[in-house]
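Everything below concerns the one structure shown next.
The values are calculated or read from the model by the stated rules, or taken from the named source; none is laboratory data. All of these numbers come straight from a predicted model, not from anything done at the bench. Please note: Cβ atoms are built from the backbone with ideal geometry, for glycine as well, and neighbour counts cover all protein chains shown.
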Amino acid sequence: MNLADSAFLRACRRQAVPHTPVWYMRQAGRSLPEYLKVREGVPMLTACETPDLIVEITMQPVRRYGVDAAIFFSDIVVPLKAIGVDLDIKPGVGPVVADPIRDAKALDVLRPLEPDDVPYVTEAIRALTGELGGTPLIGFAGAPFTLGSYLIEGGPSKNHDRTKAMMYGEPKLWHALMERLTDIVLTHLRVQIDAGASAVQLFDSWVGAVAPDDYREFILPHTRRIFAGVADVPRIHFGVGTGELLGVLGEAGADVVGVDWRVPLDEAARRVGPGKALQGNLDPAILLAPWEVVERKAREVLRRGGAAEGHVFNLGHGVLPSTDPDQLKRLTDLVHEATS
């Protein structure tokens, strides 16, 4: 099959599809026993820099579930690590930055990313595109706000206090940080596209912490620049807790707006406006319930997703580690069968 004819890419472009395409955020890992086996004793960032492991982990959910797209196995902090930022991913915690960025001088650590900084990305994607055949590969990156929050806070944050303090109190420093991160993110996405990724997703996981007017002022110009720089492939924009931001997210330039589980897809379609496909949005926790509950809720997502001009079925956030892989397999089959 020609890649352009894949259900996933067609849905992203709001074209007719043979069935609703489905893939899952964090499908590459987390709950799969084969993933846990290959990752045993291997630190996360080491796995993200090892082409053979990247290929194997990316392929695992494609083999097991028959999803309509693969997502590149990596982490949003990989490009930061590649340019020399002193950080680590601590199990059970997340990314931890040794020297948080709190002033203008600290920006010096954020030098431009060069393709040669991430040779393992290019090598792995070239291998994957050969192995995947007609299944599209999604490349991804973290958005400047989310990356900036990790860099400013020094790690995960519940309220993003220091991040907002810089954004409101030192707007010049804030935009300088966003500019540097935008350059890094854009290069990282281009490396993936140039190596063969068929689509890209920008994860702005924590952007739900800001109000719509603040998004427009402090974040939107940078997000727009990223999406404008990768316009040759379908672009997906995703954040958590972004119900109040869906309208402005629709203005940022992506082809597909990801929706978490808090807003029904028919209402999300109204908020985002015309000219966009939607992705989502089954609550990941529902997969821990009995199958009859999963089936009922999934059918409801599909029904409401019919209001969108294009619909890519997904979860409203990532697969939870305690998810039974058999539930995901049944869910994938259900989506395909119910919409064929």
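Would you mind telling me which numbered condition in (1) buried (at least 17 other Cβ atoms within 10 Å of the Cβ); (2) modelled with pLDDT of 95 or more S205 fails?
Status for S205: all satisfied but (2).
Using the structure shown, decide if V272 is surrounded by 24 or more Cβ atoms within 10 Å (Cβ to Cβ), of a type in the set (V, I, T) and in contact (Cβ under 8 Å) with a residue 24 or more places away in the chain.
Considered against the rule, which asks whether it is surrounded by 24 or more Cβ atoms within 10 Å (Cβ to Cβ), of a type in the set (V, I, T) and in contact (Cβ under 8 Å) with a residue 24 or more places away in the chain, V272 comes out as yes.
Within the range 133-183, how many residues turn out to be of a type in the set (A, V, I, L, M, F, W, C) and surrounded by fewer than 16 Cβ atoms within 10 Å (Cβ to Cβ)?
Number satisfying all stated conditions: 2.
Going residue by residue through the range 95-113, is there one that turns out to be under 19 Å from the mean Cα position of the chain (by Cα), surrounded by 14 or more Cβ atoms within 10 Å (Cβ to Cβ) and either part of a helix (DSSP H, G or I) or not polar (S, T, N, Q) (or both)?
yes
Answer with yes or no whether V17 is farther than 18 Å from G318 by Cα, over 20 Å from the mean Cα position of the chain (by Cα), part of a loop (DSSP other than H, G, I, E, B) and of a type in the set (V, I, T). Talk me through it step by step, then tell me what you get.
Working: farther than 18 Å from G318 by Cα: yes; over 20 Å from the mean Cα position of the chain (by Cα): yes; part of a loop (DSSP other than H, G, I, E, B): yes; of a type in the set (V, I, T): yes.
Yes; evaluated as a whole, the condition is true for this residue.
Within the group G66, G92, G41, which residue is over 30 Å from K276 (Cα atoms), surrounded by fewer than 16 Cβ atoms within 10 Å (Cβ to Cβ) and under 20 Å from the mean Cα position of the chain (by Cα)?
None of the others qualify; the one that does is G92.
For residues that are assigned to a helix (DSSP H, G or I), among the polar types (S, T, N, Q) and under 21 Å from D232 (Cα atoms), scanning just the range 152-203, find the one that is nearest to the chain's Cα centre (by Cα).
Step one: list which residues in the range 152-203 are assigned to a helix (DSSP H, G or I), which gives 152-153, 161-169, 171-195.
Remaining after also requiring among the polar types (S, T, N, Q): 163, 182, 187, 192.
From what is left, the residues that are under 21 Å from D232 (Cα atoms) are 182, 187, 192.
Numbers: T182: 16, T187: 16, Q192: 14 Å.
Applying the filter and picking the extreme gives Q192.
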